Amino acid sequence: LTVWSSSQGQFMVREQTARILNIPISQVKAVPMEIGGGFGGKLLVYLEPVVAILSKKSGRPVKIAMSRADVLEATGPTAGAHIKVKMGATKNGKITAAEAQLIYEAGAYPGSPVSGGCQCMFGPYVVPNGYLEGFDVVVNRPKSAAYRAPGVPVAAFAVESVVDELCEKLGVDPLTFRDLNAAREGERRVTGPLYGSVGMAETVQAVQAHSHYNAPLDGKYRGRGVAAGFWGNGTGPASATASVNPDGTISLVEGSPDVGGSRASAAMHVAEVLGIRAEDIKPSVGDTDSIGFTSNTGGSSVTFKTGWAAYTAAQDIKQQMIERVAKVWDVSPDDVEYEGGVLKHKSDNALTKTFQEMASQLNATGGPIVGNATVNPRGQGASFAVHVVDVEVDSETGKVTILRYTAAQDVGQPIHPSYVEGQIQGAVVQGIGWALNEEYVLDGDGKMLNASFLDYRMPISLDVPEIETLLVKVPSPGHPYGARGVGEVPVVPPMAAIANAIYAATGVRMNELPMSPGRLQKAMSELGVAAR
C-alpha cells in the first residue's frame, strides 16, 4: 500500500495507516509530497488513514480533499492564551525579577504549546529571579496544533509589552534596556539551562546602529516599536546517502521533506566538503524505505541536523576518494591530501587528480563510491531576533499601516543567505497578520463564522512594505559551518513590536490580539485619544 502524504512525519503516516488497516507497517509505503511551507500544519495526519481504508474497501484509488472550512475548523489553529506578566528592574534598568502565569487553550483535547511559551518567553534576557506557572486548558474549540514557534509569539507579546512599559517608566531607551539585560554565554535561562554561544547582544547592537532606528519619524499617529524574541531551535536523528557519479556529480538522498529550501542547503554542505560546485550536487528527498530514519521537519532543525548528515556523508566520500587514489598511486593514504576538489600527493607534485577525473575512473579502479551518514547531533545553537517597526494609525477607523519594518536575527553562519532572508520575511508577514487581523470568530455553538479566506483576513502584498533583514552572524559551535536554525524565531517579535509602535503612535496599550481596526478604534475612542 502506497500513501502519498503531505504530512512531514512519514513514519507516523505509515504507523497510523497500518494500525487502522490492521496490517504490518512493512506493507505501507509513505511517499512525501512537497507542497510548500510547513509551519507546523503538516505535522499531523488527517486524511491519509481515511483514504487508505476507503481504498482498501473499494479496491480503487481514492482521493479526499478538504474544503477551506474543513481546513480551518479541523486541522488545528494555534492556541489562544491568557497571560499575566510582572517584571521588576532597578532604576538604571537592570532586570531583578519576573513572573508569569500562562493559561493556554488546548481545544477539545489536551496538548497546548504552553511549555514552549514558558521555555522561551524570558529567553532574550538574564532574569536573576523568576517564577513561571503554565496551564493547559481543555475548551470547546478546535484542537490546537503547532504553528511556527508554537506557544511563543503570544508569550513574547506579553513580555515585550511589559518591557516597553518598564522602559517608559524608567526613562530608558528600549534597545539600551535590551542590551543591558541581553542573554549572554554562560548565563542561566530562567527555566534552568545555561546559554551557550548566543548573539542576543550583537543583534540588539545591529539594530541600534541601523539607519531605521535612527531615522526621524514625523507625523501624527505615527510610532516606532521594538521587540525581541527567542527560540531554542531543534535537532534530531537524520540520514543521508551521497553517490559519486561518473561525470563528477553527486546524487544526494536525504530524509527531510523540503518545505523551505532544505535540499539546496544540504547540497551546499556536500559541495563545501568536496570543493566542488553546489550545482553538481543533485539532491532529492527519500521516503522511509529508501533512506535511514530522519525526524520530522520542524523546530528550525533541518539545516542543522540534515546538514550534519550531508556533511558527514561527504566526509565519508572524501575519505574513500583519498584511499582510492592512494591505492591507484600505490602510496599510503597519509601521503594524500584533498583540497579544493583536488587530490594530490603531499610531496610529489606530479601526482594530482581532480575530483571529476577520479570520479570518471571509479569503476576501473575498484568500483562505486557511496557516502553514508546517520547522525543525531546535539549542540544546536539558540536564535534571537530583534525587530523594529514604524506604523501609522488611522484615528477614524483604527486601521494600522506598516510603514517600515526591519528584522535583525542571529543566524549563525547562513548556509543559503537568500533562503534565510526569505524565512525571516515570510515569518514577519505571518506575524503582521497575527498582530492585526487573523483570528477565529466563533458563534455560541462553536461554529466558525469566518471559515473562508474571504472573511479570514490574511496579509497580502499591499499590506506590507519591503521587509529589511539584518543577518547577524554569531556562528554556532555545534555545527561544522556554524549554522543556526532560522525559521521559527522571526515570527516571535512582530506582534509585540507592532503593539509597542501603536502605543507610541496613539498612547493606547493594546493587550489583546489581533489589534484589528475595530478593536483598536474602540480602545482609542474609550480613552479619547487625539493628543499624540
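Between Ala106 and residues 5 or more places away or on another chain, which pairs have amide H atoms under 5 Å apart, with H built 1.01 Å from N, and which residues are they?
Val137, Val138, Val139
Starting from a Cα-only point model with no solvent, please compute log10 I(q)/I(0) by Debye for segment 55-195 at q = 0.16 1/Å.
-0.85
Using a cut-off of 30 Å between alpha-carbon atoms, which lysines can reach Lys91, once sequence neighbours fewer than 8 places away in the same chain are excluded?
Straight-line reach from Lys91, under 30 Å: Lys169.
Taking Cα atoms, how many degrees apart are the long axis of helix 494-506 and the longest axis of the chain, rounded to 10 and kept between 0 and 90?
Compared with the principal axis, the helix lies near 30 degrees.
Taking Cα atoms, how many degrees apart are the long axis of helix 302-329 and the longest axis of the chain, rounded to 10 and kept between 0 and 90?
Approximately 20 degrees, to the nearest 10.
For Asp410, Asp334, write out the residues from largest to smallest accessible area, computed with a 1.4 angstrom probe and no ligands counted.
Numbers: Asp410 0, Asp334 115 Å².
The ranking, largest first, comes out as Asp334, Asp410.
Given a 1.4 Å probe and every protein chain left where it sits, what share in percent of the accessible area of the chain is carbon and sulfur? Before the final figure, lay out the partial values.
Working: 11680 of 22930 Å².
On the chain, the fraction of accessible area on carbon and sulfur atoms equals 51 percent.
How about segment 40-123: which chymotrypsin sites (Phe, Trp or Tyr not before Pro) there are in a DSSP loop, with at most 13 other Cβ atoms within 10 Å of their Cβ?
Working: sites: Tyr46, Tyr104, Phe122; in loops: Tyr46, Phe122.
Qualifying residues, ordered by number: none.
Loop only by DSSP, 16 or fewer other Cβ within 10 Å of the Cβ. Give me the chymotrypsin sites (Phe, Trp or Tyr not before Pro) in segment 380-470 that pass, ordered by residue number.
Details: sites: Phe384, Tyr405, Tyr419, Trp434, Tyr440, Phe453, Tyr456; in loops: Tyr440, Phe453, Tyr456.
Loop-located and lightly packed - Tyr440, Phe453.
Would segment 384-532 count as rounded, prolate or oblate if I go by the C-alpha gyration tensor, calling it rounded below 1.5 in a/c and otherwise prolate when a/b exceeds b/c, oblate otherwise?
Details: a/c = 2.57, a/b = 1.68, b/c = 1.53.
Judged from the Cα gyration tensor, segment 384-532 comes out prolate (a/c at least 1.5, a/b above b/c).
Using the crude model of +1 on Lys and Arg Cβ and -1 on Asp and Glu Cβ, and no other charge, please compute the dipole size for segment 422-497 relative to its Cα centre, in debye to 20.
Working: 4 positive and 9 negative charges, 85 e Å.
The calculated dipole for segment 422-497 is roughly 400 debye.
Report, in degrees rounded to the nearest 10, the 0 to 90 angle that the Cα long axis of helix 417-436 makes with the longest principal axis of the chain.
Compared with the principal axis, the helix lies near 30 degrees.
So for the chain: antiparallel DSSP bridges make up what percent, rounded to the nearest 5?
Details: 50 of 74 bridges.
Antiparallel bridges: around 70 percent, rounded to the nearest 5.
Which of the GluC sites (Glu not before Pro) across segment 157-233 are loop residues per DSSP, with 16 or fewer other Cβ within 10 Å?
Hits after loop and neighbour filter: Glu185, Glu187.
Is the C-alpha gyration tensor of the chain telling us rounded, prolate or oblate? Criteria: a/c under 1.5 is rounded; beyond that, a/b larger than b/c is prolate, otherwise oblate. Display every interim value, and only then the final one.
On the way: a/c = 2.32, a/b = 1.46, b/c = 1.59.
Since a/c reaches 1.5 but b/c is at least a/b, the shape of the chain is classed as oblate.
As an exercise, use a Förster radius of 51 Å and the Cβ-Cβ distance of Ala69 and Glu526 to find the FRET efficiency, rounded to the nearest 0.05. List each step's numbers first, then the result.
Details: r = 34 Å, r/R0 = 0.67.
For R0 = 51 Å, the calculated efficiency reads 0.90.
As an exercise, use a Förster radius of 56 Å and the Cβ-Cβ distance of Leu170 and Leu54 to find the FRET efficiency, rounded to the nearest 0.05.
Numbers: r = 63 Å, r/R0 = 1.13.
That gives a FRET efficiency of 0.35.
What list of ³J(HN,Hα) couplings, whole Hz, do you get for segment 250-257 from phi and the Karplus terms 6.51, -1.76, 1.60, once you set θ to phi - 60° and write x for glycine and proline?
10, 9, 10, 10, 10, x, 9, x
Using the alpha-carbon centroid of each, what span in Å lies between segment 247-298 and segment 124-186?
What the calculation gives is 36 Å, centre to centre.
Might you tell me the accessible area per residue for the chain, computed with a 1.4 Å probe and given in Å²? If you can, show how the numbers build up before the last one.
Numbers: 22930 Å² over 532 residues.
Counting only protein heavy atoms, the per-residue value for the chain is 43 Å².
For each pair in Lys84/Lys399; Lys86/Lys522; Lys84/Lys522; Lys94/Lys473; Lys42/Lys522; Lys56/Lys143, compute the distance between the two Cα atoms and list the pairs where it is over 32 Å. Provide the component values of the computation, followed by the final result.
Numbers: Lys84/Lys399 27 Å; Lys86/Lys522 26 Å; Lys84/Lys522 23 Å; Lys94/Lys473 26 Å; Lys42/Lys522 37 Å; Lys56/Lys143 29 Å.
Among Lys84/Lys399; Lys86/Lys522; Lys84/Lys522; Lys94/Lys473; Lys42/Lys522; Lys56/Lys143, the Cα-Cα distance tops 32 Å for Lys42/Lys522.
Give me the aspartates and glutamates in straight-line cross-link reach of Lys63: C-alpha distance below 12 Å, same-chain residues under 8 apart excluded.
Glu48
The values are calculated or read from the model by the stated rules, or taken from the named source; none is laboratory data. All of these numbers come straight from a predicted model, not from anything done at the bench. Virtual Cβ from ideal backbone geometry, glycine too; neighbours counted across all protein chains shown. We work out accessible area using only protein heavy atoms, side chains counted, and drop any ligands, DNA or RNA first. Shrake-Rupley method; radii C 1.70, N 1.55, O 1.52, S 1.80 Å.
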